[in-house]
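Q: Please see the structure below; I have some questions.
The values are calculated or read from the model by the stated rules, or taken from the named source; none is laboratory data. These figures come from a predicted structure and were not determined experimentally. All Cβ positions, even for glycine, are placed from backbone atoms using ideal geometry, and neighbour counts span all protein chains on display. Accessible surface areas use protein heavy atoms only, side chains included; no ligands, DNA or RNA. Shrake-Rupley method; radii C 1.70, N 1.55, O 1.52, S 1.80 Å.
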Amino acid sequence: MMAPIGVGRRLESLAFEIAAEEFDGEIVVEPIPGYQMLTRQRLVDPLPGVRAARALASAARGLLVEQVRDARAAGRSWDEVGEALELSDGTTDDPRAEAAFAEVVEGRRAEPTWHSFRTPSTYWRCRSCGELVTDYGPIGSSHPDDQESGHATTCTRHQAALARWRADTGWD
């Protein structure tokens, strides 16, 4: 389920505001590479943004539970709640009503009946080398090349991670 673009932008703006006001974040405005007039905001240190996003997610979760309680009190069925949550009937082992209950009351997402063989990952642009990096997370091998791919061979951040790994493991 994707939020409409306007909602996402409002939420991002609110997250930056909360990061600055509640978590001592510093916002900078920088040009977007390749454009002469366009800029974007970012936090100097992204961790206040992480804290703000977590606070927003927690508040949104509480609001979701409250709204579902109100919907049930108003006579709406769990199937209708599932439809409002954009859960499709039949894509999980649970019917939509059960999937809605599991998500809202139990706090878990119903798993699809099919499972992907794709390795979970995220991506980001490295501030040291400027390359788009695929991040596989800290699970599995501790070798930096197994956790991240895409850094430039001259990337100082990646070279430092390799040096730390060599020092920690004694491997070369």
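Q: Just one of Arg9, Arg40 is without any contact (Cβ under 8 Å) to a residue 24 or more places away in the chain, open to solvent by 70 Å² or more (accessible area, probe 1.4 Å) and within 17 Å of Leu56 (Cα to Cα); which is it?
A: Values: Arg40 fails: within 17 Å of Leu56 (Cα to Cα).
Within the list Arg9, Arg40, the selection yields Arg9.
Q: Restricting attention to the stretch 124-172, which residues are over 21 Å from the mean Cα position of the chain (by Cα), open to solvent by 90 Å² or more (accessible area, probe 1.4 Å) and of a type outside the set (Asp, Glu)?
A: Thr153, Thr154, Thr156, Arg157, Arg164, Arg166, Trp171, listed by residue number.
Q: Quick check: is even one residue across the stretch 63-76 free of Cβ contacts under 8 Å to residues at least 40 places away in the same chain, open to solvent by 90 Å² or more (accessible area, probe 1.4 Å) and part of a loop (DSSP other than H, G, I, E, B)?
A: Yes, some residue in the stretch 63-76 is free of Cβ contacts under 8 Å to residues at least 40 places away in the same chain, open to solvent by 90 Å² or more (accessible area, probe 1.4 Å) and part of a loop (DSSP other than H, G, I, E, B).
Q: Could you run through the stretch 1-37 and say how many residues are part of a loop (DSSP other than H, G, I, E, B) and either among the hydroxyl-bearing types (Ser, Thr, Tyr) or in contact with a strand residue (DSSP E or B) (Cβ under 7 Å, 6 or more places away or on another chain) (or both)?
A: 4
Q: Which condition number in (1) touching a Leu at 6+ places or on another chain (Cβ under 7 Å); (2) surrounded by 14 or more Cβ atoms within 10 Å (Cβ to Cβ) is the one that Glu80 fails?
A: If we test Glu80 against (1) touching a Leu at 6+ places or on another chain (Cβ under 7 Å); (2) surrounded by 14 or more Cβ atoms within 10 Å (Cβ to Cβ), just (1) comes out false.
Q: Within the stretch 92-100, does at least one residue satisfy the condition of being at pLDDT below 90, in contact with a Pro (Cβ under 7 Å, 6 or more places away or on another chain) and either part of a loop (DSSP other than H, G, I, E, B) or not charged (D, E, K, R) (or both)?
A: Yes: one or more hits.
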